[in-house]
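A.B. asks: Quick one: the structure is below, and I'll ask about it shortly.
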4 protein chains.
Amino acid sequence: MKKLSSLYQSGDWKGEKHVPVIHAPETAKKGELIEVNVNIGEEIPHPNTLEHHIVWIKVYFQPEGGKFPVEIGNCDFVSHGEYDVFTEPYVTLKFKAEKSGTIYAASYCNIHGLWENSKEIKIED
Amino acid sequence: MKKLSSLYQSGDWKGEKHVPVIHAPETAKKGELIEVNVNIGEEIPHPNTLEHHIVWIKVYFQPEGGKFPVEIGNCDFVSHGEYDVFTEPYVTLKFKAEKSGTIYAASYCNIHGLWENSKEIKIED
Amino acid sequence: MKKLSSLYQSGDWKGEKHVPVIHAPETAKKGELIEVNVNIGEEIPHPNTLEHHIVWIKVYFQPEGGKFPVEIGNCDFVSHGEYDVFTEPYVTLKFKAEKSGTIYAASYCNIHGLWENSKEIKIED
Amino acid sequence: MKKLSSLYQSGDWKGEKHVPVIHAPETAKKGELIEVNVNIGEEIPHPNTLEHHIVWIKVYFQPEGGKFPVEIGNCDFVSHGEYDVFTEPYVTLKFKAEKSGTIYAASYCNIHGLWENSKEIKIED
Ligand SMILES: [Fe+3]
Ligand SMILES: [Fe+3]
Ligand SMILES: [Fe+3]
Ligand SMILES: [Fe+3]
């Protein structure tokens with residue numbers, strides 16, 4: 001069986017413009033709101049045209065010791081020049097967690113497919 | 001014909017917890033990135049449980065003189081307690097525009113349906 | 001306050017290509033799976049190009065006597081010519097209900113904004 | 001770096017209830033509309049409760065010889081008991097393609113994470 005998951009791409013976001021950049025604190029307190037920003041192109045801008053743009057970003061959190069990722073949120077970037085309006089591939093969300101774990105970001109470019117990145121976060125009492 | 005649009009609700013967000021709160025600058029420059037934050041419950045928190053939560057927020061922009069709203073973005077808030085993870089009904093996006101106009105926010109509560117709000121923004125040369 | 005809901009458009013789908021066409025049975029049994037198809041352009045095709053296309057369709061159900069619409073599902077039509085792939089603005093979903101009520105469809109054209117339609121369904125014991 | 005893509009799960013849908021079932025023709029003609037149905041639980045039903053349900057299904061197509069998957073559509077299943085309304089994890093879409101290739105389906109269970117499947121389709125002149 002061919003696997004979609006084998007088509008996810010990654011790399012260093014300072015050198016590859018598609019890799020989602022994840023900004024989140026290194027540590028947070030249990031149950032405290034955690035702000036996470038994910039964007040594409042912070043270092044090397046990605047095109048944002050009708051022909052070539054970032055369609056969505058998804059953010060997941062996997063508590064350590066858990067087997068499954070929990071989807072935090074999904075953000076669709078919808079305008080790409082209609083009436084001169086352009087949405088940036090940039091989203092800030094907030095979530096709460098009770099355990100340390102991994103924040104994952106996934107994104108989709110309409111021309112270059114699926115990309116991913118991750119970042120650890122420590123949750124303290 | 002019964003109309004979904006007639007079921008949208010609104011009000012003063014300082015008194016009604018479902019009304020989307022829109023934070024955006026009063027003015028911006030043509031083509032400059034405009035940051036817009038929309039959240040539910042800034043003054044009076046809305047429940048965030050499996051049984052009762054905000055499912056999504058959409059943001060639109062209508063340039064003045066235009067007939068149609070342009071969708072900026074859509075954000076789905078996906079976790080509501082799974083493995084103790086909770087997503088806040090809060091999203092920050094960025095967009096560019098060439099004309100003054102109206103920012104609209106729409107949102108959906110799984111128990112209390114559709115809500116809306118709007119805010120004007122002046123775009124200067 | 002300017003209202004997004006006032007920008008929803010409708011009409012007769014046999015004459016206006018943007019109006020969502022709703023196919024669902026006139027009657028169904030309590031708790032039975034109800035198939036609902038919503039499409040745009042069944043009678044008069046809508047363009048499906050990068051520059052002009054249908055972005056999404058949402059389907060809601062409001063049980064009679066209830067004040068709020070319940071979202072059944074949301075469908076995003078994502079490809080518009082990338083590598084010669086085109087998604088049609090067409091979706092079939094299934095849901096169950098316990099009471100008669102109204103099925104609503106909403107849709108968004110990237111150039112012509114928001115559209116709506118509705119259809120009654122009778123649920124029998 | 002921890003990888004979200006490494007958390008995708010698969011298997012035989014006749015034995016594992018989470019695996020998306022893909023129904024599509026073996027062959028289609030160039031530019032002809034191709035109907036694809038994806039559902040979860042056709043053989044072994046998956047729970048559909050507030051506590052445990054399928055949140056979304058995504059469908060992609062990768063033309064042979066191409067490096068990237070093209071997203072056909074995304075479908076969110078939104079109601080899970082609100083006012084006795086339940087959405088089934090079932091969606092039918094239509095798309096056109098010019099080359100043979102692979103249809104991929106991805107899905108997300110709020111408790112058991114990400115799942116995938118794929119199916120080949122031959123496009124003839
Ligand atoms: Fe790209
Ligand atoms: Fe509510
Ligand atoms: Fe149109
Ligand atoms: Fe499950």
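The values are calculated or read from the model by the stated rules, or taken from the named source; none is laboratory data. Keep in mind it's a predicted model, so treat the numbers as computed, not measured. With ideal geometry, Cβ positions are generated from the backbone for all residues, glycine too; neighbour counts draw on all protein chains shown.
A.B. asks: Here's a check for you: in region B:42-74, which residue that is touching a Gly at 6+ places or on another chain (Cβ under 6 Å) and more than 15 Å from ligand 2 (Cβ to nearest atom) is farthest from the other protein chains (Cβ to nearest Cβ)?
C.D. replies: Within region B:42-74, the match that is farthest from the other protein chains (Cβ to nearest Cβ) is B:Glu64.
A.B. asks: Output yes when any residue across region A:25-33 is surrounded by 23 or more Cβ atoms within 10 Å (Cβ to Cβ) and either aromatic (Phe, Trp, Tyr) or in contact (Cβ under 8 Å) with a residue 12 or more places away in the chain (or both), and no when none is.
C.D. replies: For region A:25-33, residues surrounded by 23 or more Cβ atoms within 10 Å (Cβ to Cβ) and either aromatic (Phe, Trp, Tyr) or in contact (Cβ under 8 Å) with a residue 12 or more places away in the chain (or both): absent.
A.B. asks: Could you figure out which of (1) facing another protein chain (nearest Cβ under 7 Å); (2) among the charged types (D, E, K, R); (3) assigned to a strand (DSSP E or B) isn't true of B:Lys119?
C.D. replies: Every listed condition holds for B:Lys119 apart from (1).
A.B. asks: Then there's this: If D:Ser79 meets every condition in (1) touching an Asp or Glu at 6+ places or on another chain (Cβ under 8 Å); (2) buried (at least 20 other Cβ atoms within 10 Å of the Cβ); (3) within 13 Å of chain A (Cβ to nearest Cβ) apart from one, which number is that one?
C.D. replies: Answer for D:Ser79: the failing condition is (3).
A.B. asks: Scan region D:75-125 for residues that are within 16 Å of ligand 2 (Cβ to nearest atom) and touching a residue at least 12 places away in the same chain (Cβ under 8 Å) and report the count.
C.D. replies: Qualifying residue count for the region: 2.
A.B. asks: Still on this model: Determine, yes or no, whether B:Glu35 is within 16 Å of ligand 2 (Cβ to nearest atom) and either facing another protein chain (nearest Cβ under 7 Å) or touching a Lys or Arg at 6+ places or on another chain (Cβ under 7 Å) (or both).
C.D. replies: no
A.B. asks: For A:Ala97, work out the one condition from (1) under 20 Å from B:Val55 (Cα atoms); (2) within 17 Å of the chain's Cα centre (by Cα); (3) away from ligand 3 (no atom under 16 Å from the Cβ) it doesn't fulfil.
C.D. replies: All conditions are met except number (2).
A.B. asks: Please work out which residue is nearest to the other protein chains (Cβ to nearest Cβ), limiting yourself to region D:97-109 and to residues that are surrounded by fewer than 23 Cβ atoms within 10 Å (Cβ to Cβ) and assigned to a loop (DSSP other than H, G, I, E, B).
C.D. replies: D:Glu98
A.B. asks: Quick one: in region C:51-76, of everything that is farther than 22 Å from A:Asp76 by Cα and surrounded by fewer than 24 Cβ atoms within 10 Å (Cβ to Cβ), which residue is farthest from ligand 1 (Cβ to nearest atom)?
C.D. replies: Initial filter on region C:51-76 (farther than 22 Å from A:Asp76 by Cα): C:61-69.
Cutting the leftovers down to surrounded by fewer than 24 Cβ atoms within 10 Å (Cβ to Cβ) gives us C:62-68.
Numbers: C:Gln62: 41, C:Pro63: 44, C:Glu64: 48, C:Gly65: 50, C:Gly66: 44, C:Lys67: 45, C:Phe68: 40 Å.
Among residues in region C:51-76 that are farther than 22 Å from A:Asp76 by Cα and surrounded by fewer than 24 Cβ atoms within 10 Å (Cβ to Cβ), the one farthest from ligand 1 (Cβ to nearest atom) is C:Gly65.
A.B. asks: Does A:Glu116 meet the test of being surrounded by 22 or more Cβ atoms within 10 Å (Cβ to Cβ) and more than 30 Å from C:His112 (Cα to Cα)? Break it down stepwise before answering.
C.D. replies: Values: surrounded by 22 or more Cβ atoms within 10 Å (Cβ to Cβ): yes; more than 30 Å from C:His112 (Cα to Cα): yes.
Criteria met by A:Glu116.
A.B. asks: Further question on the same structure: Go through region C:16-49 and give me each residue that's at negative phi, within 13 Å of ligand 3 (Cβ to nearest atom) and not charged (D, E, K, R).
C.D. replies: C:His18, C:Val19, C:Pro20, C:Ile40, C:Ile44, C:Pro45, C:His46, C:Pro47, C:Asn48, C:Thr49
A.B. asks: Taking the condition under 19 Å from C:Pro69 (Cα atoms) and surrounded by fewer than 16 Cβ atoms within 10 Å (Cβ to Cβ), does B:Gly15 pass?
C.D. replies: It is false that B:Gly15 is under 19 Å from C:Pro69 (Cα atoms) and surrounded by fewer than 16 Cβ atoms within 10 Å (Cβ to Cβ).
A.B. asks: Given the conditions (1) within 16 Å of ligand 3 (Cβ to nearest atom); (2) in contact with a strand residue (DSSP E or B) (Cβ under 8 Å, 6 or more places away or on another chain), and given that A:Gly81 satisfies all but one, which numbered condition is not satisfied?
C.D. replies: Here A:Gly81 meets the rest and fails (2).
A.B. asks: When region A:6-32 is examined, which residues are found to be within 12 Å of ligand 1 (Cβ to nearest atom) and away from chain D (no Cβ under 12 Å)?
C.D. replies: A:Glu16, A:Lys17
A.B. asks: Something else now. Test A:Thr87 against the stated conditions and say whether it is more than 10 Å from chain D (Cβ to nearest Cβ) and away from ligand 3 (no atom under 16 Å from the Cβ).
C.D. replies: In short, yes.
A.B. asks: Further, regarding this structure: Would it be correct to say that C:Val85 is closer than 26 Å to D:Phe86 by Cα and surrounded by 16 or more Cβ atoms within 10 Å (Cβ to Cβ)? I'd like the intermediate steps shown before the answer.
C.D. replies: Details: closer than 26 Å to D:Phe86 by Cα: no; surrounded by 16 or more Cβ atoms within 10 Å (Cβ to Cβ): yes.
When the stated conditions are applied, C:Val85 does not pass them.
A.B. asks: Checking C:Val91 against (1) modelled with pLDDT under 95; (2) within 17 Å of the chain's Cα centre (by Cα): exactly one of these is not met. Which one?
C.D. replies: Unmet condition: (1).
A.B. asks: Take the conditions modelled with pLDDT of 95 or more and either within 14 Å of chain A (Cβ to nearest Cβ) or away from ligand 3 (no atom under 16 Å from the Cβ) (or both) and apply them to D:Lys3. Does it pass?
C.D. replies: Criteria met by D:Lys3.
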